[in-house]
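Working notes, structure below.
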Amino acid sequence: MIYKGLYTHKGRTSPIEIHSDGKELTVEIAGLVFKGTEFTDLSYEEELAERMIDNTLITLDPRFDDCLTDCQFEFKVPQYLLTSEGRKEAIELEMCFRHGGYNEQSKGIEYEEVSITLRWKGEILIGKSGFVEIAFDQLMKQLPKGYSFVNCYGCLYGDYSIYGNSSFGTMMCFRNIKQKYKLANGKCEYDSLCVDERENIEMVQEIYCCDDFEVRGNGGAYR
């Protein structure tokens, strides 16, 4: 998928295209191509001479593996809602990912913010958090009962590690071991499944969707 959007750094905004295969992101900024599994680990994979960096558009911090910091990504994502009657309804999500610079005390990103806006049936629904999962949770509470998002977030086989997850792109997909996943009962069995079957579990982005999608409802081994 290609998502058109805007990249902002220090008040300067530039149009971008975000390329996603459901697992990895690729984006070109100021003539440089950055790749990563989420927006906080987008890095330039080749040798980068100091003269190549446009400091008005890019801040790379060596303390954070030379990833892009102190920036914002805004883009639109075509998706589907599944109605309570089982009909698919085309929608468009407006997504915004914003994160700060390196924090010396915490040895990590200073802050992360995720917002998702859905303009639907004359209403503006907004989910906002440090995690895309919680932003989607907030949107779900604003939708009619029985509605679901047709993506990995809304899929039966999408779940998270019991040890936590990052803001975006660290959802685990259990489509290769569907029955084992469905039979996992409780946190301990689920954790054992994640360890024993780690080679059969994929990491995916919450907004991705494949042909194995099944509506989650109240199912799932963990979340």
Pair E28, R63: separation of 7 Å Cα→Cβ label points (nm): 3.3
Between Q72 and S106, what's the calculated FRET efficiency when r is the beta-carbon distance and R0 is 22 Å? Round to 0.05. 0.60
At 0.692 mPa s and 37 °C, Stokes D of the chain from Kirkwood alpha-carbon radius, µm² per second: 176
Find how many whole Å separate the alpha carbon centroid of the range 195-222 from the alpha carbon centroid of the range 88-167. 16
Using label points projected 7 Å from each Cα along Cα→Cβ, tell me how many nm separate V195 and I162, to one decimal. 0.9
Going by amide H atoms built from the backbone, whose H comes under 5 Å of the H on I91, apart from near neighbours? Q79, Y80, L81
Cα-based radius of gyration of the range 44-159 once divided by 2.2 N^0.38 Å, which approximates compact folds: 1.35
Taking 0.36 nm per residue of sequence separation and subtracting the Cα-Cα distance, how much length would be gained by fully extending the chain between H19 and I53, in nm to one decimal? 10.1 nm
In bins 5 Å wide, starting from 0, what share of all Cα pairs of the range 27-98 does each bin hold, as a percent? 3, 13, 21, 19, 11, 8, 7, 7, 5, 3, 1, 0
So what's the angle, to the nearest 10 degrees on a 0 to 90 scale, between helix 186-196 and the longest Cα principal axis of the chain? 60
Angle check, please: helix 132-142 long axis (alpha carbons) against the longest principal axis of the chain (alpha carbons), in degrees 0 to 90, nearest 10. 50
Tell me which residues come under 5 Å, amide H to amide H, from I109 once H is placed; ignore anything under 5 positions away on its chain. N103
Could you go through the range 11-18 in sequence order and give the Karplus-derived ³J(HN,Hα) for each residue, using 6.51 cos²θ - 1.76 cosθ + 1.60 with θ = phi - 60°, rounded to whole Hz, and x for Gly and Pro? x, 9, 10, 9, x, 9, 10, 9
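A short reminder: the numbers here are calculations on the coordinates, not readings from a lab. Treat the numbers as computed from the prediction; the structure is a model and nothing was measured. Glycine also receives a Cβ, built like all others from the backbone with ideal geometry; neighbour counts cover every protein chain displayed.
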